[in-house]
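The values are calculated or read from the model by the stated rules, or taken from the named source; none is laboratory data. Source: prediction; values computed, not measured. When we count neighbours, we look across all protein chains shown, and the Cβ atoms used for this are built from the backbone with ideal geometry, even at glycine. The protein model used for the area step is the full one, side chains on, heavy atoms only, and it has no ligands, DNA or RNA in it. Shrake-Rupley method; radii C 1.70, N 1.55, O 1.52, S 1.80 Å.
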Amino acid sequence: MGAGLCSAEVRDSRRPSPAPTSSSRGSQMMCHVSEGTVACAAVGNTVILYQTATVKKLKVLEGHTGPITCLCPNETAIFSGSVDTTIKKWDLKDAKVLCNMEGHTGDVWCLQMVNGLLFSSSQDTTIRQWDPSTGSHLATLTGHESPVRYFMEAPQGMLISASEDKTVKRWDPMSRTLLTNLEGHMDEVTCLLATRGHLFTGSADYTIKHWNLENSALQATWEGHLDLITCLLELEETIFSASLDRTIRQWDPKDGSKLATLEGHFHGVTCLLAAEGSLLSGAGDRTIRQWDPRDGSLIATLESKTGITCLLDCGEAFFSGLARGYPLRFPPPRLPPGYQGRKQSRADFSDEGAGGIHGKEKSDAEDGRGDGQSSGPRNSSNGWSGSAQGVARAREVGLGTQDSSAADRTFSGSQDTSNVDKTSSPPPLPDA
C-alpha cells in the first residue's frame, strides 16, 4: 500500500512518465507504525520515525538509493519501496535493514500485506509476492500491460490491482491466479474503494465506476467531476470522491445519485479522512478543511505553509504530510453538532493516511498556491477556526506540542526541529 491515509499516476502513452512519487519532490507519505509512532517518507531517500505525542524524531532509516514511494508497517518492522527498484524491511528498534528484496526492474509503487504475505507492484507491470519474514521471493503475478500503481486487500482476502492500462484485476493471493479482469475506464485507474461486496474505482477519465464483486458486473458509471479522481472514501453510508477539479462530491451508492458538491478548496484535493464525525480534506492550496458529512457544510479550516499530501489519524492527534518541510501535527477537530464519539471510515488507499495520488498529477496538486482570500485568522481553543470563513494558521516550527490556548495564538501544528535554529523567531507564514 502506498503509505499515508492517504494515501495514490500517470495516464497513458499520450503523457510522459510521471515524476517519482511524493518524497522525490519533498512531499510526504505517512503511516501509523505502532502505538505512539508514525513513519514518514519525505525529502531524500530516508524514512523518519516520529513520536506522535511530541513529534520528536526517534529513528532515521537510511539505505535506499532513490526516493521512497510507499510504506507498509508490520508488527515489528516496516517495509519501504523505492524508485531504486528495491524493497527493504527495517528493524524498528535498531533502524537497520533486515532484508533487501530485489527482483523488480522498475520503480516500486505500492506495498500491501494480504493473508500474511507481502505484495509489491511496479513500473515493470508486475506484482510480486514475498515472504515478509525472510524477504524471499515467492511468485510473480503478470497480466497488466502497463505500470501497476495501486492495489488493495478486498473482502475474502482477495487482492485488487489497478493499472495505467485502464483495467482493474482481482487475484487470489494464495493460488496466485487471476480471477477477474474489469474493463471500462477510458484512462488509468487512480483509486480504489471496496466495501460490502462492491468495488468503486476512480479514474483519470473523470468518472467513478461501481462494480459488483460477486459477479464482476458493472453496476453504474458516475459522472460529474471535471478532472482526475484522486481518492474515494465511505462515510455515513455514502461515498465521497475528491478530484483535481478542486471539489469533493458525495454520492448515494445505491442509485449513484449525487447528494452534494463540497466546494471551498482553491487547488486540487489530494486526500480525504473521516474522523470525529467529520470529513477532513487536504489540498494543494495549503489547507485542511473540516466538513459536516450530513449536509456538506464547511465547518472549519486549518492552514499550513505548503500543499497537503496526506492525512493520518493517530488517535491522540492527527498528522498531515506536506509538499515541503516536516510533517505537521494538529489536534482532533471539534465534533459537529449532534455527534457523539469517534467515527471511523473505509478509505481507498493506498493507505496513505486517507487517499491520495502519485506522479505528476499529485506533484502539481502539492505545489499549488491557493489564490482565495479569507476573512483573517480566527482563533479557537483547539487550533481550528470557528467558522467557514475563519482560518486557523498552523505554525510548523517549535519542538513538541505547542500551546494554542492563548487568545493571541492561532497555531496548532508542531514539528521536529532538530536542525532549526531555536534562537531565531518563527518564520512568517505566507498569505492565504
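Gly224 meets each of the listed conditions (1) of a type outside the set (S, T, N, Q); (2) open to solvent by 10 Å² or more (accessible area, probe 1.4 Å); (3) at pLDDT 95 or above; (4) in a strand (DSSP E or B) apart from (4).
Of all residues in the range 136-158, those being farther than 15 Å from Ser122 by Cα and among the hydrophobic types (A, V, I, L, M, F, W, C) number 3.
Could you look through the range 65-88, keep only residues that are farther than 17 Å from Ser121 by Cβ and of a type outside the set (S, T, N, Q), and pick out the one that is most open to solvent (accessible area, probe 1.4 Å)? The qualifying residue most open to solvent (accessible area, probe 1.4 Å) is Glu75. Selection of the range 146-155 for residues being out of contact with any helix residue (DSSP H, G or I) (no Cβ under 9 Å at 6 or more places or on another chain) and part of a strand (DSSP E or B) yields Val148, Tyr150, Phe151, Met152, Glu153, Ala154. Taking only the range 236-260 into account, find how many residues are open to solvent by 50 Å² or more (accessible area, probe 1.4 Å) and under 30 Å from Thr306 (Cβ atoms). Residues in the range 236-260 being open to solvent by 50 Å² or more (accessible area, probe 1.4 Å) and under 30 Å from Thr306 (Cβ atoms): 1 in total. All of Arg196, Arg170, Arg249 fail the test of being basic (Lys, Arg) and either under 24 Å from Cys70 (Cβ atoms) or within 17 Å of the chain's Cα centre (by Cα) (or both), apart from Arg170.
For the range 43-60, filtered to residues that are crowded, with 24+ Cβ neighbours inside 10 Å and of a type in the set (A, V, I, L, M), the residue that is modelled with the lowest pLDDT is Val55.
Against the conditions (1) closer than 21 Å to Ser133 by Cβ; (2) of a type outside the set (Val, Ile, Thr); (3) surrounded by fewer than 21 Cβ atoms within 10 Å (Cβ to Cβ), Glu35 satisfies every one except (1).
Restricting to the range 89-102, what's the tally of residues that are more than 18 Å from Met30 (Cβ to Cβ), open to solvent by 30 Å² or more (accessible area, probe 1.4 Å) and of a type outside the set (S, T, N, Q)? Walk me through how you get there before you give the answer.
Just the residues of the range 89-102 that are more than 18 Å from Met30 (Cβ to Cβ), to begin with: 89, 91, 93-94, 96-102.
Filter again for open to solvent by 30 Å² or more (accessible area, probe 1.4 Å), leaving 91, 93-94, 96-98, 100, 102.
Filter again for of a type outside the set (S, T, N, Q), leaving 91, 93-94, 96-98, 102.
Total meeting the criteria: 7.
Give me the residue from the range 261-274 that is open to solvent by less than 30 Å² (accessible area, probe 1.4 Å), out of contact with any Phe, Trp or Tyr (no Cβ under 7 Å at 6 or more places or on another chain) and part of a strand (DSSP E or B) and, out of that set, farthest from Ala323 (Cα to Cα). Don't jump to the end; show me each part of the working.
Within the range 261-274, the subset open to solvent by less than 30 Å² (accessible area, probe 1.4 Å) is 262, 264-265, 268-274.
Filter once more, keeping what is out of contact with any Phe, Trp or Tyr (no Cβ under 7 Å at 6 or more places or on another chain): 264-265, 268-271, 273-274.
This time we only want the ones that are part of a strand (DSSP E or B), so: 269-271, 273-274.
Values: Val269: 13, Thr270: 11, Cys271: 13, Leu273: 18, Ala274: 21 Å.
That would be Ala274.
For the range 231-241, the criterion of a residue being part of a loop (DSSP other than H, G, I, E, B) and at pLDDT 95 or above is satisfied by no position.
Within the range 109-144, restricting attention to residues that are open to solvent by 10 Å² or more (accessible area, probe 1.4 Å) and hydrophobic (A, V, I, L, M, F, W, C), the residue that is nearest to Leu71 (Cα to Cα) is Met113.
Tally the residues that are surrounded by fewer than 21 Cβ atoms within 10 Å (Cβ to Cβ) and more than 19 Å from Ser146 (Cβ to Cβ), restricting the search to the range 176-205. Selection size over the range 176-205: 7.
Do we find that Ser243 is farther than 25 Å from Pro337 by Cα and not β-branched (Val, Ile, Thr) in this structure?
Values: farther than 25 Å from Pro337 by Cα: yes; not β-branched (Val, Ile, Thr): yes.
Spelling it out, Ser243 is indeed farther than 25 Å from Pro337 by Cα and not β-branched (Val, Ile, Thr).
For the range 86-121, filtered to residues that are in contact with a Lys or Arg (Cβ under 9 Å, 6 or more places away or on another chain) and assigned to a loop (DSSP other than H, G, I, E, B), the residue that is farthest from Met158 (Cα to Cα) is Asp94.
Conditions (1) out of contact with any Lys or Arg (no Cβ under 9 Å at 6 or more places or on another chain); (2) modelled with pLDDT of 90 or more; (3) among the hydroxyl-bearing types (Ser, Thr, Tyr); (4) part of a loop (DSSP other than H, G, I, E, B), marked per residue:
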position: Ser281; (1), (2), (3), (4): no, yes, yes, no
position: Gln290; (1), (2), (3), (4): no, yes, no, no
position: Gly296; (1), (2), (3), (4): yes, yes, no, yes
position: Pro336; (1), (2), (3), (4): no, no, no, yes
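Looking across the range 311-329 at every residue that is in contact with a strand residue (DSSP E or B) (Cβ under 8 Å, 6 or more places away or on another chain) and surrounded by fewer than 24 Cβ atoms within 10 Å (Cβ to Cβ), the one that is farthest from Leu232 (Cα to Cα) is identified as Ala317.
Those residues that are surrounded by fewer than 22 Cβ atoms within 10 Å (Cβ to Cβ) and of a type in the set (A, V, I, L, M, F, W, C), I need them from the range 280-298; list them, please. Correct list: Leu298 only.
The single condition among (1) in a strand (DSSP E or B); (2) more than 25 Å from Asn100 (Cα to Cα) that Gly143 does not satisfy is (1).
Looking at this structure, is Lys360 modelled with pLDDT under 90, assigned to a loop (DSSP other than H, G, I, E, B), open to solvent by 30 Å² or more (accessible area, probe 1.4 Å) and of a type outside the set (S, T, N, Q)? Reasoning before the result, please.
Working: modelled with pLDDT under 90: yes; assigned to a loop (DSSP other than H, G, I, E, B): no; open to solvent by 30 Å² or more (accessible area, probe 1.4 Å): yes; of a type outside the set (S, T, N, Q): yes.
No; evaluated as a whole, the condition is false for this residue.
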